[in-house]
């Protein structure tokens, strides 16, 4: 009798493993991301995951912080890539990397070859604000900490446009996620110089709901993302 029970238990365990494997191989992951972060950190992480798990579909939905948290709470997405800012107690944040602030400069700029520089060094240059929620408030705090006047000459919510404007010498900007290339979309060249500041960098990571559980496919992707999400190049 004991031997029969043992065989039944082993068969049950094997069935569970097989069902889990099927679930893992036929799932869907609904992932949100901040607009500014998605094109820089998401594609490579998703590609490396689906290469190993080709039957799992990973959908990426971009939005603002408020939109991401709303989608998360209503179940429209399983998790989101965002900053550790203005998060409620009903969500859990797992830090992936520090988003270190950098000056975005035209390639011929006098500071382009420096290892780091301060806002005081560009006080007479035109400032082009990347006008996105969270980024806007964080960049403003950098000016306040430095005691430098905050006077944006231009405001744009499109990061690609900001890069092209900087590349065409309309001014400088501030960014904290570095892409792989120094070439803007119109072919102009830019440079990144680490900002010298007393303000800590933003933390970028994964946000999930505290309550509830994920399908196995989602857990598999989140475990993968914790090591795979990275900037295409390290902060200088």
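The values are calculated or read from the model by the stated rules, or taken from the named source; none is laboratory data. Here the structure is a predicted model, which is why all the values come from computation and not from measurement. Here Cβ is always computed from backbone atoms with ideal geometry, including for glycine, and neighbour counts include all displayed protein chains.
For the stretch 187-220, enumerate the residues that are part of a strand (DSSP E or B) and under 30 Å from residue 168 (Cβ atoms). Hits for the stretch 187-220 are 189, 190, 191, 192, 193, 194, 195, 202, 204. Does residue 174 meet the test of being surrounded by 20 or more Cβ atoms within 10 Å (Cβ to Cβ) and within 26 Å of residue 85 (Cβ to Cβ)? Yes. Just one of the listed residues (189, 196) is closer than 16 Å to residue 105 by Cβ, in contact (Cβ under 8 Å) with a residue 60 or more places away in the chain, surrounded by fewer than 18 Cβ atoms within 10 Å (Cβ to Cβ) and in contact with a helix residue (DSSP H, G or I) (Cβ under 7 Å, 6 or more places away or on another chain), namely 189. Out of 139, 221, one residue alone is surrounded by 15 or more Cβ atoms within 10 Å (Cβ to Cβ), in contact (Cβ under 8 Å) with a residue 24 or more places away in the chain and not assigned by TED's automatic domain parsing to the domain that holds residue 91. It is 139.
Yes/no matrix, rows are residues, columns are (1) within 26 Å of residue 153 (Cβ to Cβ); (2) modelled with pLDDT under 95; (3) outside the structural domain of residue 161 (by TED's automatic domain parsing):
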site	(1), (2), (3)
80	no, no, yes
84	no, yes, yes
88	no, yes, yes
92	no, yes, yes
106	yes, no, no
110	yes, no, no
114	yes, no, no
119	yes, no, no
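The set of residues from the stretch 91-130 being in contact with a helix residue (DSSP H, G or I) (Cβ under 7 Å, 6 or more places away or on another chain) and under 20 Å from residue 30 (Cα atoms) comprises 91, 94, 96. Does residue 48 qualify as being assigned to a helix (DSSP H, G or I) and either touching a strand residue (DSSP E or B) at 6+ places or on another chain (Cβ under 6 Å) or touching a residue at least 60 places away in the same chain (Cβ under 8 Å) (or both)? Considered against the rule, which asks whether it is assigned to a helix (DSSP H, G or I) and either touching a strand residue (DSSP E or B) at 6+ places or on another chain (Cβ under 6 Å) or touching a residue at least 60 places away in the same chain (Cβ under 8 Å) (or both), residue 48 comes out as yes. For the stretch 83-103, the criterion of being closer than 30 Å to residue 169 by Cβ, free of Cβ contacts under 8 Å to residues at least 60 places away in the same chain, within 13 Å of the chain's Cα centre (by Cα) and surrounded by 14 or more Cβ atoms within 10 Å (Cβ to Cβ) is satisfied by no residue at all.
Out of all the residues in the stretch 201-211, is one or more in contact (Cβ under 8 Å) with a residue 60 or more places away in the chain, over 22 Å from residue 64 (Cα atoms) and in the same structural domain as residue 34 (by TED's automatic domain parsing)? Yes, the conditions are met somewhere in the stretch 201-211. Restricting the stretch 151-162 to residues that are in contact (Cβ under 8 Å) with a residue 12 or more places away in the chain and either part of a helix (DSSP H, G or I) or touching a helix residue (DSSP H, G or I) at 6+ places or on another chain (Cβ under 8 Å) (or both) leaves a set whose member that is surrounded by the fewest Cβ atoms within 10 Å (Cβ to Cβ) is 160. Filtered by the rule that a residue be in a loop (DSSP other than H, G, I, E, B) and either surrounded by fewer than 19 Cβ atoms within 10 Å (Cβ to Cβ) or free of Cβ contacts under 8 Å to residues at least 40 places away in the same chain (or both), the stretch 54-75 gives 54, 55, 64, 75.
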